[in-house]
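Worksheet: one structure, shown below.
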Amino acid sequence: DPHGVVESGKASERTTRAIDRLVSGDDADGKRAIVDDGIVKDAAPIEVDPLIVDVQRSAAPELDVITTVAQPGFSYQYNVISNRDAPVGFLSNDQAHGDLENNFSNQSFKLSDETVSHIRQVGLVKVADFSQRAMETLDYMDPRETSLGQAVIAHTLQQARAMFYGDPDQTSGNEDIEDGDAPRGLARFAEQAGNTTDKSSVSSGFMEDLLNEATTKIQNSGLTWDRARYFVSPFMYNAIYEEATPVVRLDGYDADVEFGPQGIALSTEQGTIPFTYSPNIRSYSGFNGLASNSDPGDVFLIDDLAIQKRQLAPMSTVSLGRTGLADRVALFEYYSFVDKSLDTSNSESHTEYLKAYDIPNA
């Protein structure tokens, strides 16, 4: 029967062959014909966890406390008053009525200038069109957004690392924080001014030692208590906290117990010096300059008014078009780190680099 109907109680030959293939599990090409989980699992994605856990370090809170100032042009020039003459002084009545200009020198001050050029920090992301389309159909994640997000994290971490240990005088040629096109960091500012001190022999009394260092700096320079700040690593932060007597307060029987350092500062009648938690002060490898000796015990004393990030263009992205079946995106930022208290001609700066305190559990 051409329509495959039952004739005289028997199935047609065509119907019989179809039933035999279904029962045997093979079609004409030797593949299973039944649409079961063996076929579905090959064609559809398995159940996936929508939460992506990032196990990489991503925090750079140090950059949040540095003042960012828009700066046009190719470079930034600032002035430093590094010296001033004393007044004429105390005079007798006759001297005061005499010829002051012929008898005494005019008061003056020394005003020098420093110039800092903008640097260019660049990242590159390339996403295959196939991967983008495939992930979009799964409604799971956007590879473009994920790739750019990870690029921003890497950009920020490199910038924080450069803020502390950037050393372009190493001219590494590796596009890293020691490349000739990298910015100068706090360690380099301090080294240029001769403000580095080895603290590897100090293993206790950290708060007292840091108080003495701040007092000495403020007494001998233009830094003031209300403008001073310490950058310390998480391990140094904990070590300082452990020197203080911890106090646990409970508002009631059901209150949570809170224990741990928060808001540590050196307080005086003249002002307060905060300690800024800085996870990017750490031990780095693969460098030859200042970063090669980086240590969790490093401490930086800065002048909040003097340390700035001068920015020509904030972190941005620009499409570079397509190459083949892939999209390219560049991430960039133009800026410079500036120590307005640095006078290289007189080797002066408010920035101090206290190297490698011997802290526990670091």
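If you average 1/r over every pair of different alpha-carbon atoms in the stretch 106-193 and take one over that average, what Kirkwood value in Å do you get?
Averaging 1/r across every pair of different Cα atoms and inverting gives 16.2 Å.
What order do TYR241, TYR334 take when sorted by accessible area (1.4 Å probe), most exposed first?
Accessible-area ranking of TYR241, TYR334, largest first: TYR334, TYR241.
For the stretch 281-329, what does the relative contact order come out to in percent, with C-alpha contacts under 8 Å and a separation of six or more?
Reported relative contact order: 21 percent.
Give the ranking of LYS199, LYS340, LYS126 by solvent-accessible surface, highest area first, calculated with a 1.4 Å probe.
Largest accessible area first, the list is LYS126, LYS340, LYS199.
What FRET efficiency do you get for MET141 and LEU63 if R0 is 25 Å and r is their Cβ-Cβ distance, rounded to the nearest 0.05?
Plugging the Cβ-Cβ distance into 1/(1 + (r/R0)^6) gives 0.40.
Mind listing the phi-derived Karplus ³J(HN,Hα) values for the stretch 221-235, rounded to whole Hz, using 6.51, -1.76 and 1.60 with θ = phi - 60°, and x for any glycine or proline?
Residue by residue, the stretch 221-235 yields 8, x, 5, 10, 4, 6, 10, 7, 8, 10, 9, 9, 6, x, 5 Hz.
Hey, with R₀ at 51 Å, roughly what FRET efficiency would ASP226 and ARG328 work out to, going by the Cβ-Cβ distance, to 0.05?
0.60
Efficiency by 1/(1 + (r/R0)^6): what FRET value for THR216 and ALA244, r their Cβ-Cβ distance, R0 = 22 Å, to the nearest 0.05?
With R0 = 22 Å, the Cβ-Cβ based efficiency is 0.50.
For VAL122, what accessible area in Å² do you get when you roll a 1.4 Å probe over the heavy atoms of the protein chains, rounding to the nearest 10?
100
From the protein chains alone at 1.4 Å, what is the descending order of accessible area for GLU114, GLU101, GLU348, largest first?
GLU101, GLU348, GLU114
Of the peptides 215-228, 282-295, 314-327, 74-87, how do they stack up when ordered by the mean number of other Cβ atoms within 10 Å, highest first?
Those peptides, ordered most packed to least, come out 282-295, 215-228, 74-87, 314-327.
The values are calculated or read from the model by the stated rules, or taken from the named source; none is laboratory data. Since we're looking at a predicted model, the values are computed, not measured. Neighbour counts are summed over all protein chains in view; Cβ atoms, including those assigned to glycine, are modelled from backbone coordinates with ideal geometry. Side chains are part of the model used for accessible areas, which takes the heavy atoms of the whole protein and leaves out ligands, DNA and RNA. Shrake-Rupley method; radii C 1.70, N 1.55, O 1.52, S 1.80 Å.
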